[in-house]
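Colleague: I'd like to ask some things about the structure below.
The values are calculated or read from the model by the stated rules, or taken from the named source; none is laboratory data. Keep in mind that this is a model prediction, so the values were computed, not measured. Positions of Cβ are generated from backbone atoms using ideal geometry, with glycine treated the same way; all protein chains shown enter the neighbour counts. The area values use the complete protein model at the heavy-atom level, side chains included, leaving out ligands, DNA and RNA. Shrake-Rupley method; radii C 1.70, N 1.55, O 1.52, S 1.80 Å.
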Amino acid sequence: MSVDKETVTKIASLARIAINDDEAEALVPELNNILGWVEQLGEVDCSGVEPMTAVIPNELRMRDDIINADPLTGGGVRDKILANAPDAEAGFFAVPKVIE
């Protein structure tokens, strides 16, 4: 894959970054180098390698999900809270979609 000046300008526009023509021209080789490195990573044989989230083995510490029914501490009053909501669905606040 190769990036040209028009592609850099479009990426900058989508990211809402203001750049001039000289800056766009300077970014072309940098982005092409980055894409070259990504293509090199695609050539690495990863068969038999387990996916990992960290370099050391970690286990998530979980706590019991206990609802405190004491109204002074805020537990067990979902229905009262949702009564104040303009719109609620399935026990949650419903909000309008804002992503286009």
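Colleague: Can you name the residue in the stretch 25-46 that is open to solvent by 90 Å² or more (accessible area, probe 1.4 Å) and part of a loop (DSSP other than H, G, I, E, B) and, of all such residues, is nearest to Ser2 (Cα to Cα)?
Modeller: Glu43
Colleague: If I go through the stretch 1-19 residue by residue, how many of them are outside any helix (DSSP H, G or I) and open to solvent by less than 80 Å² (accessible area, probe 1.4 Å)? Steps first, answer last, please.
Modeller: First pass over the stretch 1-19, keeping only residues outside any helix (DSSP H, G or I): 1-4, 15-19.
If we keep only those that are open to solvent by less than 80 Å² (accessible area, probe 1.4 Å) as well, we get 3-4, 15, 19.
Counting residues in the stretch 1-19 that are outside any helix (DSSP H, G or I) and open to solvent by less than 80 Å² (accessible area, probe 1.4 Å) gives 4.
Colleague: Is there a residue being part of a loop (DSSP other than H, G, I, E, B) and in contact with a Lys or Arg (Cβ under 7 Å, 6 or more places away or on another chain) anywhere in the stretch 87-99? Let's see the steps before the verdict.
Modeller: We begin by selecting, within the stretch 87-99, every residue part of a loop (DSSP other than H, G, I, E, B); these are 87, 90-91, 94-99.
Subset that is in contact with a Lys or Arg (Cβ under 7 Å, 6 or more places away or on another chain): 91.
Within the stretch 87-99, one or more residues are part of a loop (DSSP other than H, G, I, E, B) and in contact with a Lys or Arg (Cβ under 7 Å, 6 or more places away or on another chain).
Colleague: For the stretch 72-81, state whether one or more residues are assigned to a loop (DSSP other than H, G, I, E, B), open to solvent by 80 Å² or more (accessible area, probe 1.4 Å) and modelled with pLDDT under 95. Explain how you work it out, then say what you get.
Modeller: If we filter the stretch 72-81 for residues that are assigned to a loop (DSSP other than H, G, I, E, B), which is where we start, we get 72-77.
Narrowing the set further to residues that are open to solvent by 80 Å² or more (accessible area, probe 1.4 Å) leaves 72-73.
Among the residues that remain, those that are also modelled with pLDDT under 95 are: 72-73.
The answer is yes, given that some residue of the stretch 72-81 is assigned to a loop (DSSP other than H, G, I, E, B), open to solvent by 80 Å² or more (accessible area, probe 1.4 Å) and modelled with pLDDT under 95.
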